[in-house]
Amino acid sequence: DGVIAHISLHAFYQDPMHSSSADIYEEITKLQKENPVKGVILDLRFNSGGVLPQAVAVTGLFISKGIVCSIKDNHGALEHL
């Protein structure tokens, strides 16, 4: 009655043509057209890091509210993403 998608993401990337969040969204949408998606395994085991706003955007695909990460600058100011 559905599938569990397995998506491996090796980096959080962004360039003028592609981004990790847009590509994952597109892939999930494509899978949903083929079968009902019951869940998603986002495999980050070999993820080398990358662009922090893309990491936040990918998280936003699965979590609708809340703080994903906090950044403290060299003056002690906190920024919550």
The summed charge of the Val51 Cβ neighbourhood (under 14 Å; Lys/Arg +1, Asp/Glu -1) stands at -2
Taking a crude spin-label model, label points 7 Å out from Cα along the C-beta direction, the Ile41 to His10 distance in nm is 1.9 nm
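For the chain, which whole percent of the accessible surface, found with a 1.4 angstrom probe, sits on carbon and sulfur atoms? Before the final figure, lay out each step's value.
On the way: 3350 of 5960 Å².
Carbon plus sulfur share of accessible area: 56 percent.
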Of all C-alpha pairs within region 1-54, those more than 15 angstrom apart amount in percent to 51 percent
Residue-normalised value, i.e. accessible area per residue, for the chain at 1.4 Å probe, in Å², stands at 74 Å²
Taking only protein heavy atoms and a 1.4 Å probe, the highest-to-lowest accessible-area order of Ile28, Ile63 is Ile63, Ile28
For Lys30, counting only aspartates and glutamates whose alpha-carbon sits under 19 Å away and dropping same-chain residues fewer than eight positions off, the answer is Asp1, Asp43
Relative to the chain, whose Cα atoms define the longest principal axis, helix 20-34 and its Cα axis are tilted in degrees, nearest 10, by 20 degrees
Measuring from its Cα centre, the chain shows a charge dipole (+1 at each Lys and Arg Cβ, -1 at each Asp and Glu Cβ) which, in debye to the nearest 20, is 200 debye
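Is it possible to state the helix-based mean residue ellipticity at 222 nm for the chain, with each DSSP H run of 4+ residues giving -39500 (n - 2.57), the sum divided by total residues, to the nearest 500 deg cm²/dmol? What is it? Show your work: numbers first, answer last.
Numbers: 2 runs with 24 residues, N = 81.
The helix contribution divided over the chain gives -9000 deg cm²/dmol.
Suppose accessible area is computed on protein heavy atoms with a 1.4 Å probe; arrange Lys72, Lys30 from highest to lowest.
Details: Lys72 140, Lys30 100 Å².
Of Lys72, Lys30, the descending order of accessible area is Lys72, Lys30.
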Of all DSSP beta bridges with both partners in the chain, the antiparallel percent, nearest 5, is 35 percent
Highest GNM mean-square fluctuation among Asp23, Asp15, Asp43, for the chain with Cα springs under 10 Å, belongs to Asp15
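The values are calculated or read from the model by the stated rules, or taken from the named source; none is laboratory data. All of these numbers come straight from a predicted model, not from anything done at the bench. FYI the Cβ positions are ideal-geometry reconstructions off the backbone, even for glycines, and counts take in every protein chain you see. We work out accessible area using only protein heavy atoms, side chains counted, and drop any ligands, DNA or RNA first. Shrake-Rupley method; radii C 1.70, N 1.55, O 1.52, S 1.80 Å.
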